[in-house]
Amino acid sequence: ALRPVMLARGEQLRAMSVSPTGTHMIFTVSTAAEPLATEVPTWVTPTGYVGEMQGRPKVGDAQATQRIGMLDFATSRVTWLHPFADDTGGHFARLTPMGWNDSGSSALIAAETADFKRRVIARVDADSARVVPLSTLRDSAWIGGPCDGCGGWLPGDRGIWFVSEADGYAHIYTMHADGTGERKLTNGAWEVLSASLDPTRTHFEFHS
């Protein structure tokens, strides 16, 4: 039987994505933050004196963190993944499993840095747990606009599709699985708010 995988204290399982072959699984876990609450004066009280109430944490205070791993069902081995080449901690602000290709040989993931200024979409090869960055988006202001996390594999392992704000607007792109051949499918001063392949996997359905 599959041996149990023990998470770190305080971690919770967030998302799971099993390969079509049933041999591997991509999963994410999160650790909740403990930000300080703000004390806010409350002026109308039963006593007539100024009291205090707890408000929301300040923007920029401690944030929840996530990490992502690949589980090999045959060996129960977990490999913690590092989507960013310069990362050593393996903790990120947001991680999104984006599914497996039809053959089950590779998964697609999206990761954003803790400061929300970089996003990478990467391929993860099941046989080696190798992470191959395919598309990197940088923004000095903020990453995470409309349809952030939209994307997946094209049928027949032909490549991937994703939504990016590379030109300032959220649009649909495609790319070969090796990171070449990027192609922009929509264009204009408008945003793609949601997108998916239709049931036949031959057309895109999107809301703008």
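Relative to the present Cα-Cα distance, how much length would full extension add between Ala166 and Val18 at 0.36 nm per residue of separation?
Taking Ala166 through Val18 to full extension adds about 50.3 nm, to one decimal.
Can you check what the net charge comes to around Tyr169, using other residues whose Cβ is under 12 Å from the Cβ of Tyr169 (Lys, Arg +1; Asp, Glu -1)?
Overall, the nearby charge balance is -2.
In whole percent, and with a 1.4 Å probe on the protein chains, what portion of the accessible area of the chain is carbon and sulfur?
C and S fraction of accessible area: 53 percent.
What's the extension gain from Met53 to Ala141 if we count 0.36 nm per residue and subtract their Cα-Cα distance?
28.5 nm
Counting Lys and Arg as +1 and Asp and Glu as -1, what is the net charge of the other residues whose Cβ lies under 14 Å from the Cβ of Leu137?
After counting each charged neighbour, the total is -1.
In the full protein assembly as shown, how much of Thr200 is accessible to a 1.4 Å probe, in Å² to the nearest 10?
Surface accessible to solvent at Thr200 totals approximately 90 Å².
Net charge near Val29, counting Lys/Arg +1 and Asp/Glu -1 over other residues with Cβ under 14 Å of its Cβ?
Value of the local net charge: +3.
Using a 10 Å cut-off on Cβ atoms, rank the peptides 3-16, 161-174 from the highest mean neighbour count down.
Values: 3-16: 11.0, 161-174: 19.4.
Answer by packing, highest mean first, reads 161-174, 3-16.
Once Rh for the stretch 42-128 is found with the Kirkwood sum over Cα pairs, what is the Stokes-Einstein diffusion coefficient at 25 °C and 0.890 mPa s, in µm²/s?
Translational diffusion coefficient: 152 µm²/s.
From zero up to wherever the largest Cα-Cα distance of the chain sits, split into 10 Å bins and tell me the percent of pairs in each.
P(r) for the chain, in whole percents per bin: 8, 29, 31, 18, 8, 5, 2, 0.
Kindly provide log₁₀ I(q)/I(0) values, in the same order as q = 0.15, 0.17, 0.25 Å⁻¹, from the Debye equation applied to equal alpha-carbon scatterers of the stretch 1-78.
Calculated log10 I(q)/I(0) at the listed q: -0.68, -0.77, -1.13.
Across the stretch 62-74, in residue order, what do the Karplus-derived ³J(HN,Hα) couplings come to in whole Hz, using 6.51 cos²θ - 1.76 cosθ + 1.60 with θ = phi - 60° and x for Gly and Pro?
The phi angles translate into 3, 10, 4, 10, 10, 9, 10, x, 10, 9, 8, 5, 5 Hz.
Expected output is a single nm value to one decimal: the length gained when fully extending between Ala33 and Ser194, i.e. 0.36 nm times separation in residues minus the C-alpha distance. What is it?
55.0 nm
Given the alpha-carbon gyration tensor of the stretch 160-208, what are the semi-axes of its equivalent ellipsoid in whole angstrom, ordered largest first, with each equal to the square root of 5 times an eigenvalue?
Values: eigenvalues 58, 52, 10 Å².
Whole-Å semi-axes of the equivalent ellipsoid: 17, 16, 7.
What accessible area per residue, rounded to a whole number of Å², is obtained for the chain using a probe radius of 1.4 Å?
Averaged over the residues of the chain, the accessible area is 57 Å².
The values are calculated or read from the model by the stated rules, or taken from the named source; none is laboratory data. Since the structure is predicted, the reported quantities are computational estimates derived from the model, not experimental observations. FYI the Cβ positions are ideal-geometry reconstructions off the backbone, even for glycines, and counts take in every protein chain you see. Note: accessible area is taken over every heavy atom of the protein model, side chains too, but ligands, DNA and RNA are not part of it. Shrake-Rupley method; radii C 1.70, N 1.55, O 1.52, S 1.80 Å.
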